[in-house]
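*Asks:* Questions regarding the structure given below will be posed in turn.
Each value in this text was obtained by applying a stated rule to the coordinates, not by laboratory testing. Only a predicted model underlies this, so the values are computations on that prediction, with no experimental measurement involved. All Cβ positions, glycine included, derive from the backbone under ideal geometry; neighbour counts span all protein chains shown.
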Amino acid sequence: MNEKLIRCFEEAAGEYVSGERLSRELGISRTAVWKRIRKLEEEGYVFQSSTRLGYRLVSGPQRLRVDALLARLSGTGFEHAVQVLESVDSTQNAAHEALLAGAPEGALVFAEAQTEGRGRLGRAWYSPPGKGIYMSFILKPDVPLALAPQMTLLIAVALCRAIRKETGADATIKWPNDILIGGRKVSGILVETMLEADAVKAMVAGVGITANVREEEFPEELRPRATSLLEATGRPTEREALVGAFFEQFAQLYALYKTDGFAPIRSLWEALSSTLHGRVAITTAQGVVTGAAEGITDEGALVVREDDGRLRKLYSGDVAAPAPSSGGGSGRTG
């Protein structure tokens with residue numbers, strides 16, 4: 001039915017089509033036509049409506065172009081095993097399946113939409129069709145388990161640098177795994193580690209980037225704390241170009257990490273961080289910690305100097321900034 005509806009608009013070649021005509025040609029009520037159009041809008045189609053004229057198709061969803069992706073990925077090491085899926089529950093799950101089937105390091109999974117996209121702590125990731133970058137890739141670094149969290153920080157640096165370079169937006173890193181623009185989240189990172197005899201066997205790294213979502217399209221509960229590259233820059237993002245920029249940055253940093261260790265990555269992370277050098281309130285499983293964020297350790301822990309002067313290492317938590325100087329409460333960020 002949706003295909004027939006789209007064909008009606010394509011045959012109209014950009015002109016308005018009345019609701020009465022659509023109802024007649026599809027054999028459904030005008031109310032059903034309206035519901036179908038609303039559903040297509042959720043899938044990335046853009047319509048204009050007129051009480052007198054009916055509906056006009058302005059544009060369809062922009063699909064990832066595999067040939068353009070492969071061209072952008074050339075030379076990064078991630079161009080050899082690429083899947084582009086229409087819709088999955090989660091690219092993380094698809095990449096895990098690929099790993100179990102013997103996929104090599106560098107295997108890469110994209111989806112146009114996710115029905116159960118997930119982030120840290122089991123949170124859902126908003127994944128509207130054709131509006132973002134939803135991808136997971138396989139890594140097999142030779143690192144001890146204690147240093148596995150370094151990979152999240154490395155990916156954050158590569159992602160932040162790529163967004164800055166490709167879009168001009170003033171992106172920053174929020175510990176432990178978010179990219180912010182103007183204090184609102186535009187991207188998240190999820191790295192899941194597979195073990196074998198207490199050693200790192202492989203990692204599945206997931207990255208979600210909210211690219212071309214208009215503010216009114218966000219679920220209402222996300223609008224205060226989420227943004228998109230479109231809203232931040234005022235122009236659409238070419239997703240293939242941003243993917244290429246990210247993997248170019250990642251390949252360079254990954255090679256540096258293998259030769260020089262974590263120290264240069266930590267310096268880059270600290271320079272791009274919006275968490276450091278200011279007061280923070282961090283909600284942990286044990287309660288709220290307030291103080292000044294001073295740096296990160298080799299294990300990826302955030303070092304906070306509490307109000308009584310003690311240094312504390314935090315390995316997980318939700319950061320809100322700035323925190324009150326004393327005696328106040330703190331908020332929780334998503």
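*Asks:* Which far-off residues, 5 or more places away or on another chain, put their amide H under 5 Å from the one on ARG279, with H placed in the peptide plane?
*Replies:* Under 5 Å from the amide H of ARG279: ALA323.
*Asks:* Another question about this same structure. Ignoring everything except DSSP H segments at least 4 long, calculate the 222 nm mean residue ellipticity for the chain; use -39,500 (n - 2.57) per segment, divide by total residues, nearest 500.
*Replies:* Details: 9 runs with 104 residues, N = 334.
Value at 222 nm, helices only, nearest 500: -9500 deg cm²/dmol.
*Asks:* Tell me which trypsin sites (Lys or Arg not before Pro) from segment 27-95 have a DSSP coil assignment and no more than 11 other beta carbons within 10 Å of their own. Spell out each step's value before the answer.
*Replies:* Working: sites: ARG30, LYS35, ARG36, ARG38, LYS39, ARG52, ARG56, ARG63, ARG65, ARG72; in loops: ARG52, ARG63, ARG65.
Taking segment 27-95 and a limit of 11 other Cβ atoms within 10 Å, the loop trypsin sites (Lys or Arg not before Pro) found are ARG52.
*Asks:* I'd like the GluC sites (Glu not before Pro) in segment 1-81 restricted to DSSP loop residues with at most 14 other Cβ atoms within 10 Å, sorted by number.
*Replies:* Numbers: sites: GLU3, GLU10, GLU11, GLU15, GLU20, GLU25, GLU41, GLU42, GLU43, GLU79; in loops: GLU15, GLU43, GLU79.
Those that pass, being in a loop and sparsely packed, are GLU15.
*Asks:* Based on Cβ point charges of +1 for Lys and Arg and -1 for Asp and Glu, what charge dipole magnitude is obtained for the chain about its Cα centre, in debye rounded to the nearest 20? Working shown, then result.
*Replies:* Details: 39 positive and 42 negative charges, 167 e Å.
I would put it at about 800 debye.
*Asks:* Taking only Cα atoms and a 10 Å spring cutoff, compute GNM fluctuations for the chain and point out the largest among ALA199, ALA103, ALA32.
*Replies:* ALA32
*Asks:* Tally Lys and Arg at +1 and Asp and Glu at -1 over the other residues with C-beta under 12 Å from the C-beta of ALA171: what net charge comes out?
*Replies:* Working: positive: ARG161, ARG164, LYS165, LYS174, ARG184, LYS185; negative: GLU166, ASP170, ASP178.
My count for the surroundings of ALA171 gives +3.
*Asks:* Further, regarding this structure: Projected area of segment 1-138, taken from the Cα convex hull and averaged over every viewing direction, in nm²? Could the numbers behind the result be given before it?
*Replies:* Working: hull surface 42.4 nm².
Computed as one quarter of the Cα hull surface, the answer is 10.6 nm².
*Asks:* Next question, about the same structure. I want the local charge near ALA107. Using Cβ-Cβ distances under 12 Å, sum +1 for each Lys or Arg and -1 for each Asp or Glu among the other residues.
*Replies:* In short, -2.
*Asks:* With the chain treated as a Gaussian network of Cα nodes joined by springs under 10 Å, which of THR210, THR51, THR31 yields the largest mean-square fluctuation?
*Replies:* THR51
*Asks:* State to the nearest 20 debye the size of the charge dipole of segment 74-140 about its Cα centre, where the only charges are +1 on K and R beta carbons and -1 on D and E beta carbons. Don't skip to the end; give the middle numbers.
*Replies:* Values: 5 positive and 7 negative charges, 64 e Å.
Dipole size: approximately 300 debye.
*Asks:* Out of (1) 135; (2) 158; (3) 174, which label holds the value of volume of the Cα convex hull per residue in Å³ that was computed here?
*Replies:* (2)
*Asks:* Follow-up question, since we're still on this one. Kindly write out, for segment 219-235 in residue order, the coupling ³J(HN,Hα) from the Karplus curve 6.51 cos²θ - 1.76 cosθ + 1.60 (θ = phi - 60°), rounded to whole Hz, with x marking Gly and Pro.
*Replies:* x, 4, 6, 8, 4, x, 10, 10, 9, 10, 5, 4, 5, 6, 10, x, 9
*Asks:* Specify the residue with the greatest mean-square fluctuation among LEU100, LEU180, LEU145, computed from a Gaussian network of the chain linking alpha-carbon atoms under 10 Å apart.
*Replies:* LEU100
*Asks:* Rounded, prolate or oblate: which fits segment 2-59, taking a ≥ b ≥ c as square roots of the Cα gyration tensor eigenvalues, rounded meaning a/c under 1.5, else prolate when a/b beats b/c?
*Replies:* Values: a/c = 1.27, a/b = 1.10, b/c = 1.16.
Note, shape of segment 2-59 comes out rounded.
*Asks:* In whole Hz and in residue order, list the ³J(HN,Hα) couplings for segment 74-90 that follow from phi through the Karplus curve 6.51 cos²θ - 1.76 cosθ + 1.60, θ = phi - 60°; x for Gly and Pro.
*Replies:* 4, x, 8, x, 10, 9, 9, 9, 10, 10, 10, 9, 5, 7, 9, 5, 7
*Asks:* Filter the GluC sites (Glu not before Pro) in segment 187-288 to those in DSSP coil with at most 15 other Cβ atoms within 10 Å of their Cβ, and list the result.
*Replies:* Values: sites: GLU192, GLU196, GLU215, GLU216, GLU217, GLU220, GLU221, GLU231, GLU238, GLU240, GLU248, GLU270; in loops: GLU220, GLU221, GLU238.
Answer by residue number: GLU220, GLU221.
*Asks:* Here is a follow-up. Distance between Cα centroids, segment 123-178 to segment 74-110: provide it in whole Å.
*Replies:* Between the Cα centres of segment 123-178 and segment 74-110 lies a distance of 16 Å.
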